[in-house]
Amino acid sequence: MIDERRRFYVTTPIYYVTAKPHLGSLYSTLLADVMARWHRLQGQEVMFLTGTDEHGQKIAQAAEQAGKGPQEFIDALVPSFADAWQKYEIGYTQFIRTSSARHKAGAQAFVKRLLETGDVYKSRYEGWYCTPCETFVLQKDQAISTQGDVNVLLCGSCGRATHFMAEETYFFRLSAYQDKLLAFYQAHPDFITPRERTNEVIAFVKEGLKDLSISRTTVSWGVPFPEDPAHTIYVWTEALCNYITALGYGVPSHEVDVARWWPADLQVLGKDIIRFHAVYWPAMLMAAGMKPPRRLLVHGWIKVNQQKMSKSLGNVVDPLQLYATYGADPVRYYLCRQIPVNQDGDFSIEDLEQRITSDLANDLGNLLNRMILLADKYNVFDLPIITTWSVQSLALRSQAWDMVAQFERHMQACEIHLALASMWRFIHAVNAYFHEKQPWKIAAQDKHAFIEVLSATAHSLRTVAVLLWPVMPSKTHELLASLGHRESCSERTLEDLELGTWHHAFLLKKSEPLFVKPQPQEPEESKEKHVEQTAHIAIEDFAKVELHTGTITLAERVAGSDKLIRLMVDFGPLGERQVLTGMGKAHAPEHFMGKQGIFVTNFKPRKMMGLESQGMLLAADSEEGIPALLMPEARVANGTRIK
């Protein structure tokens, strides 16, 4: 069901500007963008906040190493974030910079409020500090490394060396909020998504909370502490305030805006900063008399070769390079589909290209392309409203209705990867419907039935496009344009999908393919040599390939696969063999039964989905892009050698 609240406020973490955006920061921002668009699709007014974290010792040190002042340093880097988000179509409504005057004033007003409640006091702090993480490291989170004869305490989060620091500081009475936090978690079991993260937070709080240092005297690049300029506000305290300073917190004329949007409906963040957002931030908000956010979406890390991305390991992926090679929408889709929100996910170029080829180009793009090609071939672009549907079309409509409901449930739970998985099951069903109805065969004999198949396919593609818009905004507009529809995200288009009625007319339009399959890149210097080696083969080479005829006696789907079909084939004197074919998306198992085909019989057997394939069935794509079996002109004895 549609969320009836008319407003939705979503935030990303704000990003350190010590370097340009990386794939991890794109992922956080993308998740927030998808959820923002999802709520816009429901007709809700959306506030989507992102920005940059520009204070602290780490920034000051990076600026010094670059030979620049801190403000000059960050001013040079911030545009790279805005540029990346623009290229990836991130539709934020506000971009907050913590060096801005409004943020500084708001952060000071928030800390002043904590001072007024008596929850902040001055004392002295001694401990081991990690500059890259901008935090004191608790003893239980420390690791020890031996370097020569010296033991070095390492940060348990980033693994880098810490240093001992002692200074006068202001403390927030975090210990006073232990029971209140535990009561809040119990009363709001959906506060943290996924729920397994909740257990980590509760365990941390139950171990006992110590008061939190919220100021520094050793860091000058920061927001001055209210009424004590010898101190700056600790960067993690000040940075968290961005979620309310962006709304105008601390400015009397903006109190209405703060009340209108806060608490945030969803705050997206990585698992490495969960304590700041799930423990420290809610406690400080409670102390200030404000409500904690309604929900935290805590995602895992993106890894490369099972390792967290790191500059020192040389495995950082540049999102702008991905954009230049593949475009924004395919990368957006891959990250949302491939990386489970509740787990770490492994990134690889091979997986990205496989998703683009199989999911986007083959499953979705090719379906649209075949429909448009048929419409063009028989000059049927104008599809009228259908009032009477066949049994098969009604079954497909029912599947579309079920998919919409599943998609909504997963999106409301922020399970974007599962929502997309349910959608692709439906896309496979639409492909199967299209293949089963074989519109290319009935176009000349039964025009009404032909138009019905095109209309049912168009209705299905419209449903897919509307739901897919939050993930791939540009490509879905192209898809809708090919159907003669231009939906507006400001309209409650989701309501129409929920009704499950197919009452639209379509005006199909020829267009360029939605997606282009990535082509393997070959070094220039090897191309000429490669052509010379592979342009011709000798008769002896062909003779090595054994081709035989065989009759298919059994065909069934392989459990757990949407494309593999298990065939049992009678090869006469060669006996019966098991052969697996990957044409399951194009044909139902019944399509193969009793047919005589041509098989490669001397391939080395290989296993797929736990089953051994002892040959390969030959096929070629038809004009409509459908795999067609290669068969003898007339039946011959099973096992006959092809010459």
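The values are calculated or read from the model by the stated rules, or taken from the named source; none is laboratory data. Since we're looking at a predicted model, the values are computed, not measured. Methodologically, a virtual Cβ is constructed for each residue, glycine included, from the backbone with ideal geometry; neighbour enumeration extends over all protein chains shown.
Details
- Scanning region 217-269 for residues that are among the polar types (S, T, N, Q) and over 31 Å from the mean Cα position of the chain (by Cα) yields 217, 218, 220, 232, 253.
- Candidates 228, 190, filtered to the one that is touching a strand residue (DSSP E or B) at 6+ places or on another chain (Cβ under 9 Å), among the acidic types (Asp, Glu) and not in a helix (DSSP H, G or I): 228
- Qualifying position, being modelled with pLDDT of 95 or more, touching a Phe, Trp or Tyr at 6+ places or on another chain (Cβ under 9 Å), among the hydrophobic types (A, V, I, L, M, F, W, C) and not assigned by TED's automatic domain parsing to the domain that holds residue 475, among 331, 298: 331
- Top-ranked residue in region 571-595 [being charged (D, E, K, R) and over 17 Å from residue 612 (Cα atoms); ranked as modelled with the highest pLDDT]: 595
Each row is one residue, and each column tells you yes or no for (1) part of a helix (DSSP H, G or I); (2) out of contact with any Leu (no Cβ under 6 Å at 6 or more places or on another chain); (3) outside the structural domain of residue 372 (by TED's automatic domain parsing); (4) among the aliphatic types (A, V, I, L, M).
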site: 424; (1), (2), (3), (4): yes, yes, no, no
site: 434; (1), (2), (3), (4): yes, yes, no, no
site: 448; (1), (2), (3), (4): yes, yes, no, no
site: 453; (1), (2), (3), (4): yes, yes, no, yes
site: 460; (1), (2), (3), (4): yes, yes, no, no
site: 470; (1), (2), (3), (4): no, yes, no, no
site: 480; (1), (2), (3), (4): yes, yes, no, yes
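- Pairs where the first residue, in region 157-170, is under 14 Å from residue 212 (Cα atoms) and the second is modelled with pLDDT of 80 or more and surrounded by 16 or more Cβ atoms within 10 Å (Cβ to Cβ), C-beta under 6 Å, 6+ apart: 169/213; 169/215; 170/120; 170/214; 170/215
- Check on residue 340, on the phi < 0 side of the Ramachandran plot and modelled with pLDDT of 95 or more: no
This table checks each residue for (1) part of a strand (DSSP E or B); (2) modelled with pLDDT of 95 or more; (3) touching a Pro at 6+ places or on another chain (Cβ under 9 Å).
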| residue | (1), (2), (3) |
| --- | --- |
| 50 | yes, yes, yes |
| 58 | no, no, yes |
| 63 | no, no, yes |
| 77 | no, no, no |
| 84 | no, yes, yes |
| 89 | no, yes, yes |
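- Cβ-Cβ under 8 Å pairs, at least 6 apart or on other chains, region 620-643 side within 25 Å of residue 378 (Cβ to Cβ), far side of a type outside the set (A, V, I, L, M) and loosely packed, with under 13 Cβ neighbours inside 10 Å: 627/621; 628/621; 628/622
- Filtering region 4-20 to residues that are modelled with pLDDT under 95, in contact with an Asp or Glu (Cβ under 9 Å, 6 or more places away or on another chain) and either among the β-branched types (Val, Ile, Thr) or not in a strand (DSSP E or B) (or both) leaves 5, 6, 17, 20.
- The residues of region 545-563 that are in contact (Cβ under 8 Å) with a residue 40 or more places away in the chain, of a type in the set (A, V, I, L, M, F, W, C) and under 21 Å from residue 596 (Cβ atoms), listed by number, are 545, 547, 552.
- Any hit, region 628-638, residues being buried (at least 16 other Cβ atoms within 10 Å of the Cβ), farther than 16 Å from residue 564 by Cα and not assigned by TED's automatic domain parsing to the domain that holds residue 542: yes
- Positions within region 33-43 being closer than 17 Å to residue 82 by Cα and surrounded by fewer than 24 Cβ atoms within 10 Å (Cβ to Cβ), in sequence order: none
- Scanning region 553-570 finds one or more residues that are of a type in the set (Asp, Glu), at pLDDT 90 or above, part of a strand (DSSP E or B) and more than 21 Å from residue 438 (Cα to Cα).
- Scope region 107-127; condition surrounded by 20 or more Cβ atoms within 10 Å (Cβ to Cβ) and farther than 14 Å from residue 225 by Cβ; matching residues: 119
- Verdict on residue 276 being of a type in the set (Phe, Trp, Tyr), over 16 Å from residue 55 (Cβ atoms) and either crowded, with 22+ Cβ neighbours inside 10 Å or in contact (Cβ under 8 Å) with a residue 24 or more places away in the chain (or both): no
- Taken residue by residue, region 6-13 has no member that is farther than 21 Å from residue 270 by Cβ and either surrounded by 24 or more Cβ atoms within 10 Å (Cβ to Cβ) or touching a Cys at 6+ places or on another chain (Cβ under 8 Å) (or both).
- Residue within region 335-345 that is within 19 Å of residue 85 (Cα to Cα) and not assigned by TED's automatic domain parsing to the domain that holds residue 442 present: yes
- Here the helices (runs of 4 or more DSSP H) wholly within region 290-393 that include at least 1 residues being within 30 Å of residue 448 (Cα to Cα) are 366-377.
- Restricting attention to region 78-121, the residues that are over 25 Å from the mean Cα position of the chain (by Cα) and of a type in the set (A, V, I, L, M, F, W, C) add up to 9.
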